[in-house]
Amino acid sequence: MRWIKTTNHKDLGTLYLWFSFAMFFVGGLMSLVIRAELFQPGLQFIDPEFYNQMITLHALVMIFGGVMPAFVGLANWMVPMMIGCSDLALPRVNNWGFWILPFAFAMLLSTLFLPGGGPAGGWTLYPPLVLQGGASFPLTIFAIHMLGISSITGAINIVVTIMNMRAPGMTLLKMPLFVWTWLITAYLLIAVMPVLAGAVTMLLTDKYFGTSFFNAAGGGDPVMFEHIFWFFGHPEVYIMILPAFGIISTIIPTFARKQLFGYSSMVYATASIAFLSFIVWAHHMFTVGIPLAGELFFMFSTMLIAVPTGVKVFNWLATMWRGSMTFETPMLFAIGFVFLFTIGGFSGIMLALAPVDFQYHNSYFVVAHFHYVLVPGAIFSIIGGIYYWIPKWTGVMYNETLGKWHFWLSAIFINITFFPQHFVGLAGMPRRIPDYAVQFTDFNQISTIGAFLYFIAQFLMVYNFLRCALFRKGMAPAKAVVWEGAHGLEWTVPSPAPYHTFEDPPHVGDDETAHAH
Amino acid sequence: MATHAAPHASANARYFVPAPSAWPFILTAALGSLLYGVSAYLEDRNLGPLPIVVGALVMVYIIFRWFRGIALESESGQYSAQVDRTYRLGMSWFIFSEVMFFAAFFGALYYARELSVPWLSGEGAKALTNSVLWPNFENTWPSNGPAKIGGHFETVSPWGLPLLNTVLLLTSSVTITFAHHAIKEGHRRACILWMLATIALGATFLYFQAHEYIEAYHELNLTLNSGVYGSTFFLLTGFHGMHVTLGTIMMISITGRLMFGHFKPERHFGFEGVAWYWHFVDVVWVGLFIFVYIL
Ligand code: HEM
Ligand SMILES: [Cu+2]
C-alpha cells in the first residue's frame, strides 16, 4: 500500500525509475527479436507481420515507457533537492502521473495477445496504414491518450515546482542546469502532448465515426496527419534530449573540477533549441511532396538548430579544457555522451539537407542516426546520472570497477551495433523491412552481434544498481559530498537524503552559485 | 556552498505536504477500465457495458471526493500563500495545454481549407492529382471532398442559433465577472445569484447546441460523415461543447460551495480558477464562431 498511496517525490521518483528499467528491458528484448531476424537475409524466425508489431512496440515502449519516465523519475528525485524544497508542488497529481503508466502499458502490451496482434503501422501511426489495424488499434490510441495525461500532469507539476518552490535566494539564473533544462522540457511537453492527443483522436474518429480528416476522397489528406504528428514529434525528440543536456552539464564540471563554461549561454541555447523545435517538423517529410518553399524553409530552420547545439558541445569541451579531470563512471558516460551524441548530431545535419534526404529517407541511415542520439545520447545520460546520484539516494557507493567495465563495454558494443547501419543505410537498405538484399549481410551480422553483446553488458549495471538499491550489505557508505568537485544543494544533505529533503528551505546567498561551481 | 535555514521558518507551516492517498490509483484503474471497455466495444469484442459503466461511475466518484478533499483542506486553512500560487500556476498551465489541444483541430481546419482542398482541385504543384483522379473537382468551401462523401449537405447559418449562442456565452463571461466582484466585496448572496445566471446561460447554450446538432443531422444532412467539412465542424464544436459542459459542472459545484459558505473575499482561488476556465471556453467559442461559422 505504501507504494500505491505514496505522495513523496523520492518514492515516486524511485517508482518511475524502476518502471522505466522494466520497460527498457521489455523494449530491449523486442529489439533483440528484431536484430535476430535481421541476422540473415530471408525470413528466419518471425513472420513480417510480427516483425512490424515488434518495431512499433519497441519504439513506443522505449520512448514512452523507457526514456521519458526515466527523466521524470530523475526530475522527481533531483528537482526538489536542487532548488531546496520539501517535495513537488502537487504531490497527489504526481502519484497519478506515475500510476497511469503501468495501466497504459498493460493496455498497450495486451494487444499482443489479441487476435491480429499488436499495432504494426510503425510508432508514427501514419494513416491510412494504421487505420487498417484490428483490435489493437483503439487500445493503442487510448494508451497514448493516457500517456499524454501522465506527461502533461507531470510536466505541469515540474513547471509549477520550479516557478514556485525555489528556496529563498535561488534566482532563476542560479538554478542548476538540470533544473533549467527540465523547466524548458516541461514547457515543450505541455505544448505538444495535447497536439498528439488531438492527432490520435482524429485517427480514432476517422476509423470509427466516419470523419475524413485523413481521407482525400472527403477533402482531407493523409499528409495532414504527418504535419500534426511531427508538430508533436520533433519537440518530442528534444523532450528526450534536453534533460540529458542538463545531466551532462552537471556531471562534467564536477569531474573537471571547474565551473561550467558559459552557464548563461547554456540556458539561452536550451531555450533557442526549444523555440526552434517548433518550426522544423517537416524535415521528416521532405519526400512526401511538400511545396518547394517548404522544403527550403524546413531545411534551413533545421540546420539552424545546429548552432545552439554546437554552443553546448563547445561549452562542455571548454569546461573540460585544462580541468583537473578524473574519470569515474558518471564522467565516462558523460564524455561518451559528448562524443557519440555529436556523431548523431552530424548525421542529423546530413539528413537535414533536403536534396540528399531523398536518398537517405526511410533507410537504415535514419535508424543509425536516431539511435545514436537516443542510446549513447539519452540513455547514456540517464545511466550516467544514476551512477552520479545513486550514492546520494541510497547512501552506499556502487562498485566503481564494474561501473567502468559497464561503460567501456557499452560504448564499444553500441558502436558495433549502430555504426554499420550507416553504411547499409547509405547503400540503400530500407528500414522497417524484415528481409534485405544479400550484399547487406555482413554489416547486419555485425550489428546483431553488437546488439546482443550490448544487452548482456547491461547486466553489470543491473547488478550494480540492485546492490545499491536493495542489497546494501557490505557496500561502502557514501559521504554527504560524494564527489570531490560536486556543488549544489543536493550535496548539502546527508546520504541517503532524508525523506523530506528540506523541511525548512535553505538560503542561497547572493555571492553563491547554486549550479555547479 | 554554505546553506543555513531561513531564520523565521518553522518545520510544518512551511510546506503543505498532503497525506498518502489512494485516489489517484483508483482514478487510473477506473479510467483504464472505461477505456478498455470502450475499445472492446469499438472492435465488437463482447465485454458488455460493465467495464464502461463501473469505470465511469468510479471516476466521477473519485473526482468528486478528490475535489471535496481539496475544498475541505482549503477551508480548514491548511493552504499557505505558496499553495495558492501553486494552484494558480497549475491552472494557467492546464489551460495552456487545453489551448494546444484545440490548436490541433484548428490546424486541421486551416490545412483542409488552405491546402488540401485547393490541392485536390489542382492548385500548386498538384495538377496531376486533379486531372487524373478527380478532374471535375473544384476548390469550394464548405466541401465534402471529390467523392462527395456523405452526399449533399447544407451548412448551419451563423446568424441564427450560433449568433444567439455567441451572445449567451459573451454575456455569461460578463455575469461571472460580476459574481467575482460580488465575492470580492463580500456580497455572498449577489455572488450566488450572478453565478446562477451564468449557469443558466451556459445550460441554455448547451440546449441550443444540441438543438443545432439535431437540425444539422435531420434537416441539413450535415453529419460527422460529411467529408472534411463535417469532420472539422463536429469535432471543433463538439469538443468545445464538452468543455462548456465541464465548465458548467464546475460552476455548479462552486456555486454549491458558495452556498455552504466557502470562499472569503480575499481568498477564493477555487472560484477564480473556474472563472478562468469559463473565459477560456468563451474565447474558444469566439474563434469557432469566426472560423467555423462565418468564414
Ligand atoms: C541497444 C538498444 C536498441 C537496439 C538494438 C535497437 C534496435 C532497433 C532496430 C533494429 C530498429 C529498426 C527496425 C526496422 O526499422 O526495421 C529500431 C527501431 C526504432 N527504435 Fe530502437 N533499438 C534500441 C534502442 C532504442 C531506444 C532506447 C529507443 C528510444 C528511446 C529506440 C527507438 C526506436 C524507434 C523510434 C524506432 C523506429 C520504429 C519505427 O520504425 O516505427 N530504440 N530499433
Ligand atoms: Cu525532427
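Data for the structure
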{"item": "Contacts under 7 angstrom Cβ, first residue in the range A:72-101 being facing another protein chain (nearest Cβ under 7 Å) and under 21 Å from residue A:143 (Cβ atoms), partner part of a helix (DSSP H, G or I) and hydroxyl-bearing (Ser, Thr, Tyr), 6 or more apart", "result": "A:96/A:153; A:96/B:28; A:99/B:28; A:100/A:150; A:100/B:28"}
{"item": "Members of the range A:279-308 that are assigned to a helix (DSSP H, G or I), away from ligand 2 (no atom under 11 Å from the Cβ) and within 12 Å of another protein chain (Cβ to nearest Cβ)", "result": "A:292, A:293, A:294, A:295"}
{"item": "Only one of A:331, A:266 that is in contact with a Lys or Arg (Cβ under 7 Å, 6 or more places away or on another chain) and more than 16 Å from ligand 2 (Cβ to nearest atom)", "result": "A:266"}
{"item": "Conditions (1) away from chain A (no Cβ under 14 Å); (2) surrounded by fewer than 22 Cβ atoms within 10 Å (Cβ to Cβ); (3) aliphatic (A, V, I, L, M); number of the one not met by residue B:224", "result": "(1)"}
{"item": "Selected residue (criterion: farthest from the other protein chains (Cβ to nearest Cβ)) from residues of the range A:198-214 that are touching a Ser or Thr at 6+ places or on another chain (Cβ under 9 Å) and closer than 26 Å to residue A:283 by Cβ", "result": "A:200"}
{"item": "One residue from A:311, A:373, A:356 being of a type outside the set (Gly, Ala, Ser), crowded, with 19+ Cβ neighbours inside 10 Å and not in a loop (DSSP other than H, G, I, E, B)", "result": "A:373"}
{"item": "Only one of B:124, B:160 that is touching a Pro at 6+ places or on another chain (Cβ under 7 Å), surrounded by fewer than 16 Cβ atoms within 10 Å (Cβ to Cβ) and assigned by TED's automatic domain parsing to the domain that holds residue B:198", "result": "B:124"}
{"item": "The range B:239-256, residues that are under 14 Å from residue B:75 (Cβ atoms) and buried (at least 19 other Cβ atoms within 10 Å of the Cβ)", "result": "B:254"}
{"item": "Residues that are within 9 Å of chain A (Cβ to nearest Cβ) and not in a loop (DSSP other than H, G, I, E, B), drawn from the range B:110-151", "result": "B:111, B:112, B:115, B:116, B:117, B:119, B:120, B:129, B:133"}
{"item": "Only listed residue being within 16 Å of ligand 1 (Cβ to nearest atom) and among the aliphatic types (A, V, I, L, M), chosen from A:179, A:200", "result": "A:200"}
{"item": "Count - residues of the range A:122-148 that are surrounded by fewer than 23 Cβ atoms within 10 Å (Cβ to Cβ) and more than 12 Å from chain B (Cβ to nearest Cβ)", "result": "8"}
{"item": "Any hit, the range A:246-262, residues being more than 20 Å from residue A:349 (Cα to Cα), within 16 Å of ligand 1 (Cβ to nearest atom), surrounded by 16 or more Cβ atoms within 10 Å (Cβ to Cβ) and within 19 Å of the chain's Cα centre (by Cα)", "result": "yes"}
{"item": "Residue among B:261, B:247, B:230, B:238 that is among the small types (Gly, Ala, Ser) and modelled with pLDDT under 95", "result": "B:261"}
{"item": "Residue that is farthest from the chain's Cα centre (by Cα) [pool: residues in the range B:93-109 that are touching a residue at least 12 places away in the same chain (Cβ under 8 Å) and facing chain A (nearest Cβ under 9 Å)]", "result": "B:108"}
{"item": "Any chance residue A:269 is free of Cβ contacts under 8 Å to residues at least 60 places away in the same chain, touching a Pro at 6+ places or on another chain (Cβ under 9 Å) and more than 14 Å from chain B (Cβ to nearest Cβ)", "result": "yes"}
{"item": "Residues within the range A:1-50 that are under 30 Å from residue A:444 (Cβ atoms), among the acidic types (Asp, Glu) and either modelled with pLDDT of 95 or more or in a helix (DSSP H, G or I) (or both), tallied", "result": "2"}
{"item": "From the options A:448, A:441, A:492, residue that is closer than 21 Å to residue A:13 by Cα and either of a type in the set (Ser, Thr, Tyr) or touching a helix residue (DSSP H, G or I) at 6+ places or on another chain (Cβ under 6 Å) (or both)", "result": "A:492"}
{"item": "Residue check for residue B:75: facing chain A (nearest Cβ under 9 Å) and surrounded by 14 or more Cβ atoms within 10 Å (Cβ to Cβ)", "result": "no"}
{"item": "Some residue of the range B:200-220 being within 13 Å of another protein chain (Cβ to nearest Cβ) and either part of a helix (DSSP H, G or I) or touching a residue at least 60 places away in the same chain (Cβ under 8 Å) (or both)", "result": "yes"}
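For (1) closer than 30 Å to residue A:126 by Cα; (2) not small (Gly, Ala, Ser), each residue gets a yes or a no:
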{"residue": "A:360", "(1), (2)": "yes, yes"}
{"residue": "A:367", "(1), (2)": "yes, yes"}
{"residue": "A:388", "(1), (2)": "no, yes"}
{"residue": "A:395", "(1), (2)": "no, no"}
{"residue": "A:405", "(1), (2)": "no, yes"}
{"residue": "A:415", "(1), (2)": "no, yes"}
{"residue": "A:420", "(1), (2)": "yes, yes"}
{"residue": "A:435", "(1), (2)": "yes, yes"}
{"residue": "A:465", "(1), (2)": "no, yes"}
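For every residue, the table says whether it meets (1) over 21 Å from the mean Cα position of the chain (by Cα); (2) aromatic (Phe, Trp, Tyr); (3) within 16 Å of ligand 1 (Cβ to nearest atom).
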{"residue": "A:22", "(1), (2), (3)": "no, no, yes"}
{"residue": "A:40", "(1), (2), (3)": "yes, no, yes"}
{"residue": "A:54", "(1), (2), (3)": "no, no, yes"}
{"residue": "A:85", "(1), (2), (3)": "yes, no, no"}
{"residue": "A:101", "(1), (2), (3)": "no, no, yes"}
{"residue": "A:105", "(1), (2), (3)": "no, yes, yes"}
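The values are calculated or read from the model by the stated rules, or taken from the named source; none is laboratory data. Being a predicted model, the structure only gives us computed values, none of them experimental. When we count neighbours, we look across all protein chains shown, and the Cβ atoms used for this are built from the backbone with ideal geometry, even at glycine.
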